[in-house]
Amino acid sequence: MVRLSAGDPVRDDLVTGKAVLVIGGEPVDFELTVPSGPVAVEDVLPVIHGLSSLFAGRAAALAEAQGKTISCRAGCGACCRQLVPVAAAEARAIANLVKAMPEPRQSHVRKRFDDAIEALSESDVLDRMSDPTERRLDLGVDYFRQGVACPFLEDEACSIHHDRPLSCREYLVTSAPEHCGTLESGAIEKAPLEGDPSLALLHADLRGGWMPLVLSLLFDGQAPPSARDRTAPAILADVFGRL
């Protein structure tokens with residue numbers, strides 16, 4: 001039984017339900033505890049984070065059963081210079097995470113976001129990030145070439161590892177770490193997942209697609225408040241149904 005939860009037991013009226021998801025031909029039982037009333041998609045992210053980590057853990061176990069080793073480790077931050085796509089709910093959650101940071105850490109992190117955007121503005125990458133016709137693969141390669149680190153990268157490790165985006169959780173490689181440092185075509189071997197929680201969230205979010213993580217604070221400042229027109233069980237049913 002996989003138990004996942006979201007919400008504040010003091011603030012929220014919580015409900016608990018059960019679900020079964022077939023993963024790799026195997027039924028997996030879930031017990032989900034979430035707020036009962038209308039919520040924003042980001043309010044149920046802790047459940048979706050757990051779901052994503054479950055798929056990533058299974059992928060790592062399958063790779064190891066095949067004699068491979070996941071080469072991702074703290075201290076290897078090469079992938080933290082890649083374009084990290086996030087759903088709108090993740091962008092808002094990231095912004096809320098930064099708002100909750102104490103000073104002076106919050107100001108330091110905000111400056112890293114500003115510095116990243118300034119560095120990207122020196123090329124055409126920043127403008128291309130808002131072009132819906134831009135191919136993400138091409139944009140991702142050019143983004144990586146700018147050498148802009150994730151604002152949360154500290155000492156070559158993720159400083160928000162517990163709250164990291166789904167695409168980060170699901171990026172596991174079995175190839176040599178140095179290949180990630182050059183983004184060498186064909187040299188990076190990813191551990192395949194049995195489902196795609198990040199894509200399921202993207203479609204269930206209903207806010208028009210993905211954005212780069214570095215634009216999260218800008219999005220939060222410019223976008224209208226998140227809609228609270230669906231219940232947590234309805235949102236999760238949408239996500240689970242897309243896996």
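The values are calculated or read from the model by the stated rules, or taken from the named source; none is laboratory data. Here the structure is a predicted model, which means the values were calculated and not measured. Positions of Cβ are backbone-derived with ideal geometry, glycine not excepted, and every protein chain shown enters the neighbour counts. Heads up: the accessible areas ignore ligands, DNA and RNA and are worked out on the full protein's heavy atoms, side chains in. Shrake-Rupley method; radii C 1.70, N 1.55, O 1.52, S 1.80 Å.
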## Note on the structure
Quick count over region 195-243, residues being in a helix (DSSP H, G or I) and open to solvent by less than 60 Å² (accessible area, probe 1.4 Å), is 21
### Task
Please tell me if residue 87 is within 30 Å of residue 180 (Cα to Cα) and crowded, with 20+ Cβ neighbours inside 10 Å.
yes
## Note on the structure
Scanning region 65-84 for residues that are polar (S, T, N, Q) and either outside any loop (DSSP other than H, G, I, E, B) or open to solvent by 50 Å² or more (accessible area, probe 1.4 Å) (or both) gives 66, 69
### Query
If you check every pair at least six apart or on different chains, which have Cβ atoms under 8 Å apart with a residue in region 53-64 that is farther than 11 Å from residue 24 by Cβ first and a residue that is assigned to a helix (DSSP H, G or I) second?
53/169; 56/169
#### Entry: Residue among 2, 41, 22, 15 that is open to solvent by 30 Å² or more (accessible area, probe 1.4 Å), within 17 Å of residue 230 (Cα to Cα) and of a type in the set (Val, Ile, Thr)
15
### Summary
Filtering region 154-194 for residues that are open to solvent by less than 40 Å² (accessible area, probe 1.4 Å), closer than 21 Å to residue 242 by Cα, modelled with pLDDT of 95 or more and assigned to a loop (DSSP other than H, G, I, E, B) leaves a count of 2
### Message
Give me the residue from region 187-243 that is among the β-branched types (Val, Ile, Thr) and in contact (Cβ under 8 Å) with a residue 24 or more places away in the chain and, out of that set, farthest from residue 6 (Cα to Cα).
### Response
214
### Message
Can you tell me which of (1) of a type in the set (Val, Ile, Thr); (2) in a strand (DSSP E or B); (3) in contact with a strand residue (DSSP E or B) (Cβ under 6 Å, 6 or more places away or on another chain); (4) under 30 Å from residue 222 (Cα atoms) is the one residue 34 doesn't meet?
### Response
(3)
